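Remarks on the structure that follows.
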Amino acid sequence: MDEGLKFTPTDFAAVVNQSLEYGFSNILIEGEVASFKINQGKWVFFDLKDDNATVSCFMVLYQLRMPIEDGMKIIVKGTPKITKQGKFSFTVTALKPVGEGSIKKSFEILKKKLADEGLFDLSKKRKIPEYFTNLGVISSPAAAGYADFIKILNARWGGIKIKVAKTQVQGLDAPEQIIRAINYFNERGDVEVIAILRGGGLADDLACFNDEGLVRAVAASKIPIITGIGHEVDESLVDLAADRRASTPSNAAELLTPDRKDVLRVAKSRVADFYARLCSAIEAEKQSEYRSVERVSNIAKVKLDDFRKILENQIKTLEALNPDEVLRRGYSIITGKISPGDVVKITTFDKIINAEIKEVYERK
Amino acid sequence: MSENEATSKTLSEKIEELEKSTDWFMSEEFNLDEAVEKYKAVIGLAKELQKNLDDLQNEIEILDKDFQK
């Protein structure tokens, strides 16, 4: 009895805790929630159980990032401890619901809460710039989704400096890492857009994108955020809080950048339009000058016609005064002295007659 | 627009300039005296744009910062 190690209760609890921390640091336990309660608005207590055993769990409220309630299946991460009161407890640092039913339930509870706070309001969405040269990417460079994004981005557009924050994109540690990356970009302010990317996966894999802290960080970001998480059918709360949601990482690349082929096609079409407009303007100018010349020509023609008419009238007048014309009408011209016995010369239109004057008397 | 001015502009600035020129060509301000010079400038801009779009690559930097801590 006296040969064993001797401890005070305090020392024993400290040694056991040290051993537990060494042997069971950051282990995961999956089970069903029971007796869930929050004390003093700060401390969270619940039991995690299965058919044969129950583990008491404790955590601080700010670490509870997804709503849970009794009956939900969850997975927790943490370290076992002996309390000062000698009770065994599991101190939880992170948790997430598992299984379709629990994930959906947690999702709906948190969605309603955050929607009521206005985190998903369309009026709060920031505009993603049409053209930008600095992009922050938060993803795992080893993931297929990231590779798809880069491939599509490179094919569509160039001249972008992409800074990649390497984080986990699934699991209990992912939300905190992504939050740090969002804060990092916001503090530095050297990117114009942030893209959070993660390829498709099971609902459990994507559950980290329903983390309350992460959703709030996305909504609070000063830099606009686009998400490309999972597939078309997957909708996370981070998607709802983001300024733009793409259905996949590839789609995010498509939404962020124009296609250089389209831009070139439009540019060529515009140049062709310019050319057509220019030709049409030149043609219009030619037509205008032609019409001016034609107008001047018409004016000159009218004036000439008037002049011709005047001239013709004058000619007619002159012709009317021509002695021959008078003679043609039957008149004649008598020249010489007009006294009885004198011989006068009578000129008609076609004859000249010498005639002797017989008698001369007054007409009136 | 000199060649240096053209190359120093960003892609978005060039596209914006092309759009402005389109607007001018289709607007009431259009006049034949300026149009020929503007057309030459637009051709130069379009060529520059094509070259940029063909040549430009994205730069990727994987940040050293450890976001696990």
Name the residues in the stretch A:238-276 that are within 11 Å of another protein chain (Cβ to nearest Cβ) and polar (S, T, N, Q), would you?
A:THR257, A:SER269
Please determine whether any residue of the stretch A:123-134 is of a type in the set (A, V, I, L, M), touching a residue at least 12 places away in the same chain (Cβ under 8 Å) and within 28 Å of A:GLY201 (Cβ to Cβ).
yes
So, of the residues in the stretch A:316-329 that are modelled with pLDDT under 85 and among the aliphatic types (A, V, I, L, M), which turns out to be farthest from A:ASP350 (Cα to Cα)?
A:LEU318
Pick from the stretch A:170-189, criterion touching a Ser or Thr at 6+ places or on another chain (Cβ under 6 Å) and touching a residue at least 40 places away in the same chain (Cβ under 8 Å), ranking: nearest to the other protein chains (Cβ to nearest Cβ):
A:ALA181
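The values are calculated or read from the model by the stated rules, or taken from the named source; none is laboratory data. Source: prediction; values computed, not measured. Please note: Cβ atoms are built from the backbone with ideal geometry, for glycine as well, and neighbour counts cover all protein chains shown.
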